[in-house]
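All of the numbers you see were taken from the coordinates with simple rules; none came from a lab. Just so we're clear, the structure is a prediction, and the values are computed from it rather than from any experiment. Ideal geometry is used to build each Cβ from the backbone, glycine not excepted, and the neighbour counts take in all protein chains shown.
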Amino acid sequence: MDNNAEIVSLIRKKMDRTISDQELYLLQKWVAEDPLHAELLRKVEDDEAVLADIKSWLTLRSGRTKESWMQAFEEKTMAKIYGSDYHATSVDRPPLRRYLPYISYAAVFLSVLGITLFLYLRQQQAEQPTVISDLAPGRNKARITLGDGRIIELREDQDGIVLGEQLQYEDGTLIHSLEGDKIVDATISTPRGGEYQITLSDGTKVWLNAASKLKYPTSFKDDMRIVELEGEAYFEVATMTRLGKKIPFRVKTAKQEVDVLGTQFNLTAYADDENDTRTTLVEGSVLLHADGASLPLAPGEQGFIDEDGLNKKKVDVNPYIAWKDNGFVFEELELREALKMLSRWYDFDFQIEPTVKPTYLYASISRGKSLKEVLAIIESSGIRFRLERFGERNKLTIF
């Protein structure tokens, strides 16, 4: 990547947390090309270094006319390139070509410094929130990241995708041709406010909830079918045999593994909620593994990890799988837990004021309703709220 403007744009997006997976892939390629690139990115991501450069910039600007500041800025820039040698006489100064490899680096650095200054000053200004009245519900929205970094944005007017000899939508529309028998890993991910369905190459169906990722092989060839999950998904695992032997299916998460043969279960393992990894079994049987321990589950049981390690309890499975059928079911659910579910589907941040008393919700709500309709239902519990937009984010405050 030779375009400095493009590099600066990618770095700005990374700093501002608006970079896409494809753009991040391009930036990482650029970083890998040269140790100087890695050093530049490290520096602009170092808050103390950034603030030091901003202070230096402001000091340089203070009390100077535009012309004198430009001259001082030029001297400071060249000093960054030449180092201490810059203040030598023109006769003794090292030839410029010796530093040519660093000039592009310095140009990008100065551009990023200007952007950093802008972002820093913008963050120092108190953002004025805008009151908003409603948020739309989530929808079918996802992307697939192939093993080589290519990204496929999936259509919102389709319900799901099917893996086989080709990658296609459920209605048969071709998305991408798979290369023969070559097994490669891919990842399907949903944003906040998104969901999607996927049928794996063995016939296993997966419903992927909002803000979730599923890493999977394009086909299963070994004696174990393995996928990796971050977030929440409902699995309807197909039975697969080879030479008369059933091939197990395994789901890996950050804290546990789930082994199954043919079964239906819901698995929750969000990275931003490390203390809430739950496996809820609907039918069949599964075996949980975590920290060297194993625990079998029967239908109607939920496995979880607490301070004592793997544990389980009897539950009504409906509240835990209602999302798959486009619903929320709250049965004596603590307010904060309900807001976690709602915030991922309607894409908002939330805050509960310390004065709010412990509140438990009882409700059955369609996920197709707007947030305003949902809040009107739970408002009967005596909850008061304020919905605002801060910059690019929506925030719900409970008070």
Each label point is 7 Å from the Cα along the Cα-to-Cβ direction; what then is the distance between the points at E353 and D306, in nm?
-> 3.3
What are the ³J(HN,Hα) values, in whole Hz, obtained from phi via the Karplus relation 6.51 cos²θ - 1.76 cosθ + 1.60 with θ = phi - 60°, for each residue of segment 161-173 in sequence order, with x given for Gly and Pro?
-> 10, 10, 9, x, 5, 10, 8, 9, 6, 4, 8, x, 5
Mean separation of Cα contacts under 8 Å (6+ apart) over length of segment 139-320, as relative contact order % = 12
Output the pairs from K246/K324; K14/K205; K313/K369; K13/K369; K255/K372; K213/K369 with a Cα-Cα distance over 29 Å in this structure; if there are none, say none.
-> K14/K205; K313/K369; K13/K369; K255/K372
In nanometres, the difference between 0.36 nm per residue of separation and the alpha-carbon distance of A238 and S20 is 75.1 nm
Using Cα pairs closer than 8 Å and at least 6 residues apart in sequence, work out the relative contact order for segment 178-264, in percent.
-> 24
Whole-Hz Karplus ³J(HN,Hα) for segment 329-335, in order, using 6.51 cos²θ - 1.76 cosθ + 1.60 and θ = phi - 60°, x for Gly and Pro?
-> 10, 10, 10, 6, 8, 4, 3
Would you mind putting 234-242, 187-195 in packing order, based on average other-beta-carbon counts within 10 Å, highest first?
-> 187-195, 234-242
